[in-house]
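Each value in this text was obtained by applying a stated rule to the coordinates, not by laboratory testing. Note that the coordinates shown come from a computational prediction; the quantities given were computed from them, not determined experimentally. Don't worry about glycine lacking a Cβ; one is built from the backbone with ideal geometry, like all the others, and counts go over all protein chains shown.
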Amino acid sequence: MVNTKIGEVAVFDIGGTNTKYAVFNNRRVILNKEIIKTPSNYNELISLIRVKTLKRVNTVVLGLPAVIDYNKNKIVYAPNIDYLTNKDLVKDLDLGNVLIENDANLAAIGEYYTFRKSSSSMLMVTIGTGVGGGLIVNGKLLRTQFSVAEIGHIIIENDGRPCRCGNKGCLETYCGKNGILNTYEILGGTKKSTLNKVYSEAKQGKLIAVLTFKQFAHYLSMGLVSVLNVIYVNNIVIGGGISHFGDIFFKDLINFFNSKIYPPYKKNVIINITSLKNDAALLGGFYYAQKSNAFFVDNNNTISS
Ligand SMILES: [Zn+2]
C-alpha cells in the first residue's frame, strides 16, 4: 500500500520501448532515476510498478502512451503497448494513490510549468516510438472524455503507410522513430539502422540521411500546421527522444512550417525543441501529483494553476 504520510512522488513514463522512472521529493528534486526496458506483458508491468513503489511514496503517477477514458479512469486504447488496451490499471495495481495520464499530456504539463507559464497556449509534441500531443489552452491542459491531441494520427498522406491504428498515412508512420527509419530505407539507406546512426550520417552530410531528416521536417510541419488550423497556439514545443537530434532538422522544420501556416498566424508562433530532453513527462508527473496545491481539475476536465 502506498504510504500517504511522506511527500515523495514516484513517476513512471511508460513508453513503447523504455520506461523512465523517477522519485521526487516535495521540492521537485529527483532522488532516484532509472530507465528500464518496458515489460512485455501486463503482469510484469504490474509487478515492476509494485516493486519500485515498495519504497514509501505519497503518490504514484503513470504516464501512458494511451488514450484514457477520464470518465471511467481507464485505459481504452494503447496501440504501441497492446496489452494495456482496455485495462483498469489503477484498480489492478491496488496501491492507493495512483494517477494515470496520457504521456504527452504529462510532458505538456512538465514543459509548461517549468518554462512557459508566461505564454497562454502551447502545443507539446512528443516524438519517440509514437507521436503524441498535449495542448495547453489559456493556461489549462485541454482534456475531453478522452485525451485530446492524438496528433500522431492526423492523416498527412492519402493511402500512405499503414499505421498501428489500422489507418493509412498517419503522421506517426512518417515521423515516429520507425517511420523515420522507414524513410531512410526507402531512400536507399541501409536496413535496420538506428536513429543515432542516421543522425551521425546526416551530421557528416551524407545525402540519404540528410534527405531523411528533411522529409521528417516536411511531414512534421504538415502535422503542426494542421493542429494550429484547428486550435491556434503561440508556442509549439518538440519533445521526446527526437529532441536529441533537433539541430539537424530544426531549420527545415521552421522553413516548411512558415511556408504552410495560415497567413495571420505567421510570425506569431514560436517553435522550440525542449531542453528537458526526456524528463518533460517525469516533471509533468510531479506537477500533476502536486495538483492539490498548485492546480485543480475543474468540471471541464482541464487542469489549471
Ligand atoms: Zn494511426
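Taking 0.36 nm per residue of separation and subtracting the current Cα-Cα distance, fully stretching the chain between residue 275 and residue 158 would add 38.7 nm.
Modelled this way, with points 7 Å down the Cα-to-C-beta line, the labels at residue 120 and residue 251 are 3.4 nm from one another. Gyration tensor analysis over the Cα atoms of the chain returns equivalent ellipsoid semi-axes of 31, 22, 18 Å (largest first, whole Å). Under unit Cβ charges (Lys, Arg +1; Asp, Glu -1), what dipole magnitude, rounded to 20 debye, does the stretch 118-275 have relative to its Cα centre? Charge dipole of the stretch 118-275: 140 debye, to the nearest 20.
Sparse packing (at most 15 other Cβ atoms within 10 Å of the Cβ) combined with a DSSP loop state is found for the following trypsin sites (Lys or Arg not before Pro) in the stretch 106-153: 117. Note on the stretch 50-188: Kirkwood hydrodynamic radius from all Cα pairs is 16.4 Å, rounded to one decimal.
Considering only 189, 222, 115, whose Cα is most displaced toward the positive end of the charge dipole of the chain, charges sitting on Cβ of Lys, Arg (+1) and Asp, Glu (-1)? The one lying farthest along the dipole's positive direction is 115.
A Cβ-based charge dipole, computed about the Cα centre of the chain with Lys and Arg at +1 and Asp and Glu at -1, lands at about 560 debye.
Relative contact order for the chain: 19 percent, from Cα pairs under 8 Å spaced at least 6 residues apart, divided by residue count. Per-residue ellipticity at 222 nm computed for the chain from its helices equals -10000 deg cm²/dmol, with DSSP H segments shorter than 4 residues left out and the rest contributing -39,500 (n - 2.57).
Using equal-weight Cα scatterers in the Debye expression, the normalised intensity of the stretch 176-230 in log10 at q = 0.14, 0.16, 0.17 Å⁻¹ is -0.37, -0.47, -0.51.
Dipole orientation for the chain: of the candidates 176, 253, 32, 32 has the Cα lying most toward the positive pole (charges on Cβ; Lys, Arg +1; Asp, Glu -1).
Compute the Cα gyration tensor for the stretch 193-297, then decide on rounded, prolate or oblate, letting a ≥ b ≥ c be the square roots of its eigenvalues: rounded whenever a/c is under 1.5, prolate when a/b is larger than b/c in the other cases, and oblate in all that remain. It comes out oblate by the Cα gyration axes. Seen against the Cα atoms of the chain and their longest principal axis, helix 246-260 is set at about 70 degrees. Each label point was placed 7 Å from the Cα along the Cα-to-Cβ direction; for residue 230 and residue 86 their separation is 2.6 nm.
Size descriptor for the stretch 118-275, Kirkwood hydrodynamic radius: 15.9 Å (Cα pairs only, one decimal).
Just want to confirm a number: the relative contact order over the stretch 118-275, from Cα pairs under 8 angstrom separated by 6+ residues, in percent.
Dividing the mean separation by the residue count of the stretch 118-275 yields 24 percent.
Computed from Cα atoms, the angle from the helix 207-228 axis to the main principal axis of the chain rounds to 60 degrees. Note on the chain: with a GNM built from Cα contacts shorter than 10 Å, the maximum mean-square fluctuation among 160, 134, 240 falls on 160.
Beyond a 30 Å Cα-Cα separation, which of these cross-linked pairs lie in this structure: 197/251; 37/87; 267/291; 20/91; 20/72; 74/277?
Correct reply: 267/291.
Which one of 52, 87, 191 has the biggest mean-square fluctuation once the chain is modelled by GNM with Cα springs under 10 Å? Its mean-square fluctuation being the largest, the pick is 191.
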